[in-house]
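Reading through the structure tokens given below for one structure.
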Amino acid sequence: MIVKDEFLSKLRRYFGLNLYEVKIWAALLSRGVSTAGELSDIANVPRSRSYDVLESLEKKGFVIMKLGKPIKYIAVEPAEVLERVKKNVQKDAKEQMKRLEELKSTDVIQELNALHKQGVELVEPSDLSGSIRGRHNLYNHLELTIREAEEQVIIMTTPQGLIRKVEGFKPTLEKLKKRGVDIKIAVPATKECMQAIKDLGSVAEVRNTDVNARFIIVDREEIIFMVMNDVDIHPTYDVGIWVNTPFFASAMSTLFDLAWNEMKPIAKK
């Protein structure tokens with residue numbers, strides 16, 4: 001059996017199998033029905049391991065064991081295997097989510113919080129900063145920072161950035177609004193982002209600006225600013241700088257307030 005290593009790598013990645021499992025499974029698919037010894041020879045897998053591998057594949061729903069002498073194995077149709085894997089992934093995810101939810105009410109999370117609080121007290125203010133690479137990581141950190149806001153959130157973004165923030169942050173912003181947090185958003189009001197502006201109308205005050213910038217300030221203490229234009233770069237190369245410094249964040253907030261007074265609300269534009 002000749003199967004390219006690239007194809008075996010794809011099987012491992014998509015189906016969560018190890019190297020011996022994908023070799024045995026591919027060999028069985030090419031035969032339909034076969035014994036462990038035959039599959040071992042075809043797949044170039046040690047015979048001492050082939051039985052364990054087939055038992056593992058049977059538990060995962062990839063093969064069916066046919067009783068007899070010798071014992072033979074039948075390959076399950078790939079489309080059916082895919083559905084079984086999907087169900088198993090969903091089941092495992094639900095169980096993992098349940099365990100994580102239960103963790104909230106245990107002493108473990110309290111001990112973790114205590115460790116974190118103790119660690120933060122030992123950190124120098126200059127250490128509470130860093131660069132974040134990749135838009136996915138960047139938006140995860142943005143949401144975490146925004147979620148902790150107590151008084152104010154300032155967002156200056158691009159039309160494309162506003163659309164992404166509606167998709168990713170709207171539930172969080174709605175919760176902040178209910179807590180009485182003041183949310184201000186400045187964005188160039190183009191046709192492509194008008195629907196996003198409408199979607200945020202109930203949770204934030206949105207004003208038009210001619211300045212193309214990307215930053216977020218939370219409670220005049222933390223600031224995250226993006227160093228590149230999101231139109232010019234691939235999301236994986238997006239970079240943000242996070243700084244926890246009331247001195248700089250407060251100064252930026254004051255400058256934003258001066259510009260904000262000159263901006264026009266979108267409805268009046």
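The values are calculated or read from the model by the stated rules, or taken from the named source; none is laboratory data. Values in this document were obtained by computation on a predicted structure and should not be read as measured data. So basically every Cβ, Gly included, is an ideal-geometry build from the backbone, and we count neighbours across all protein chains shown.
Give, as residue ranges, the strands (runs of 3 or more DSSP E) completely inside the range 21-110 that count at least 3 residues that are farther than 21 Å from Phe7 by Cβ and not aromatic (Phe, Trp, Tyr).
Values: elements: 33-35, 63-66, 72-75.
Where strands (runs of 3 or more DSSP E) fall fully within the range 21-110 and carry at least 3 residues being farther than 21 Å from Phe7 by Cβ and not aromatic (Phe, Trp, Tyr), they are 63-66.
Output the residue which, of all residues in the range 118-152 that are assigned to a helix (DSSP H, G or I) and farther than 30 Å from Asp238 by Cα, is modelled with the highest pLDDT.
Taking the range 118-152 and keeping what is assigned to a helix (DSSP H, G or I), we get 118-121, 125-127, 135-147.
Those left that are additionally farther than 30 Å from Asp238 by Cα: 118, 121.
Values: Gln118: 66, Glu121: 52.
This residue is Gln118.
Restricting attention to the range 210-229, does a residue exist that is touching a residue at least 12 places away in the same chain (Cβ under 8 Å), in the same structural domain as His141 (by TED's automatic domain parsing), surrounded by fewer than 16 Cβ atoms within 10 Å (Cβ to Cβ) and assigned to a helix (DSSP H, G or I)?
Checking the range 210-229: not a single residue is touching a residue at least 12 places away in the same chain (Cβ under 8 Å), in the same structural domain as His141 (by TED's automatic domain parsing), surrounded by fewer than 16 Cβ atoms within 10 Å (Cβ to Cβ) and assigned to a helix (DSSP H, G or I).
For Lys104, indicate whether it is loosely packed, with under 11 Cβ neighbours inside 10 Å and modelled with pLDDT of 85 or more. Give the steps one after another, and end with the answer.
Working: loosely packed, with under 11 Cβ neighbours inside 10 Å: yes; modelled with pLDDT of 85 or more: no.
When the stated conditions are applied, Lys104 does not pass them.
From the residues in the range 230-269 that are among the aliphatic types (A, V, I, L, M) and part of a loop (DSSP other than H, G, I, E, B), which one is surrounded by the fewest Cβ atoms within 10 Å (Cβ to Cβ)?
Of the residues in the range 230-269, the ones among the aliphatic types (A, V, I, L, M) are 231, 233, 239, 241, 243, 249, 251-252, 255, 258-259, 263, 266-267.
Then keep just the ones that are part of a loop (DSSP other than H, G, I, E, B); that gives 231, 233, 263.
Numbers: Val231: 10, Ile233: 14, Met263: 20.
Going through the qualifying residues, I end up with Val231.
Only residues that are hydrophobic (A, V, I, L, M, F, W, C), within 27 Å of Ile233 (Cα to Cα) and assigned to a helix (DSSP H, G or I): list them for the range 153-180, please. Break it down into steps so the answer makes sense when it comes.
Of the range 153-180, the ones hydrophobic (A, V, I, L, M, F, W, C) are 153-156, 162-163, 166, 169, 173, 176.
Among the residues that remain, those that are also within 27 Å of Ile233 (Cα to Cα) are: 153-156, 162-163, 166, 169, 173.
Scanning the range 153-180 gives Leu162, Ile163, Val166, Phe169, Leu173.
Which one of these is among the small types (Gly, Ala, Ser) and within 27 Å of the chain's Cα centre (by Cα): Ala204, Ala251, Ala259? Show your work before the answer.
Values: Ala251 fails: within 27 Å of the chain's Cα centre (by Cα); Ala259 fails: within 27 Å of the chain's Cα centre (by Cα).
One residue alone meets the criteria, Ala204.
When Val53 is evaluated against the numbered criteria (1) surrounded by 10 or more Cβ atoms within 10 Å (Cβ to Cβ); (2) without any contact (Cβ under 8 Å) to a residue 24 or more places away in the chain, which criterion, by number, is the only one it fails?
(2)
Which one of these does Glu95 not meet: (1) of a type in the set (D, E, K, R); (2) modelled with pLDDT of 85 or more; (3) under 30 Å from Ser50 (Cα atoms)?
Failing condition for Glu95: (3).
Glu151 - would you say it is among the acidic types (Asp, Glu) and either over 20 Å from Met252 (Cβ atoms) or in contact with a helix residue (DSSP H, G or I) (Cβ under 8 Å, 6 or more places away or on another chain) (or both)?
Details: among the acidic types (Asp, Glu): yes; either over 20 Å from Met252 (Cβ atoms) or in contact with a helix residue (DSSP H, G or I) (Cβ under 8 Å, 6 or more places away or on another chain) (or both): no.
It is false that Glu151 is among the acidic types (Asp, Glu) and either over 20 Å from Met252 (Cβ atoms) or in contact with a helix residue (DSSP H, G or I) (Cβ under 8 Å, 6 or more places away or on another chain) (or both).
The conditions are (1) surrounded by fewer than 13 Cβ atoms within 10 Å (Cβ to Cβ); (2) touching a Ser or Thr at 6+ places or on another chain (Cβ under 9 Å); (3) modelled with pLDDT under 90, and Gly32 fails exactly one of them. Which is it?
Every listed condition holds for Gly32 apart from (2).
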